[in-house]
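Chemist: Structure in structure tokens, see below.
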Amino acid sequence: MNMLKPFVRTDLLGIIHFHTNIKSAKKFFPVEALPNEMGGKAGPTKDLIDEHIKLLEEFRPWFLQDERIGRVNESLRVGKFKMADDLAGMDGSFKKLEID
């Protein structure tokens, strides 16, 4: 975790939880969702991985269609994206602040 801290925004660090043992992870995840190897009841990890790969392969046509269609054309976007700073109502910095 100490290696990640310099690269992650402080507001995100409050949301991300790092678990050092299974007991702390069980407070956030239901036992039914954890693999058997981690004290859960979801089944062996290998089986869970195989099920996930099978599910992704079933959606292969959708992924291929999504690639053909393309992405969002940003040139068609109306207006500027509103960031939290933009919503505060103060543009620029205090260097430009003029007081009468």
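Chemist: Search the stretch 32-60 for residues that are farther than 21 Å from N21 by Cβ and pair each with any residue that is aromatic (F, W, Y) and surrounded by fewer than 12 Cβ atoms within 10 Å (Cβ to Cβ) when their beta-carbon atoms are under 9 Å apart and the residues are at least 6 apart or on different chains.
Modeler: If the second residue must be aromatic (F, W, Y) and surrounded by fewer than 12 Cβ atoms within 10 Å (Cβ to Cβ), the pairs left are L56/F63.
Chemist: So which residues in the stretch 20-50 are part of a loop (DSSP other than H, G, I, E, B), of a type outside the set (G, A, S) and modelled with pLDDT under 95?
Modeler: Correct list: T20, N21, K26, K27, F28, F29, P30, L34, P35, K41.
The values are calculated or read from the model by the stated rules, or taken from the named source; none is laboratory data. The structure displayed is predicted, hence computed values, not measured ones. Every residue, glycine among them, receives a Cβ derived from its backbone with ideal geometry; neighbour counts consider all protein chains shown.
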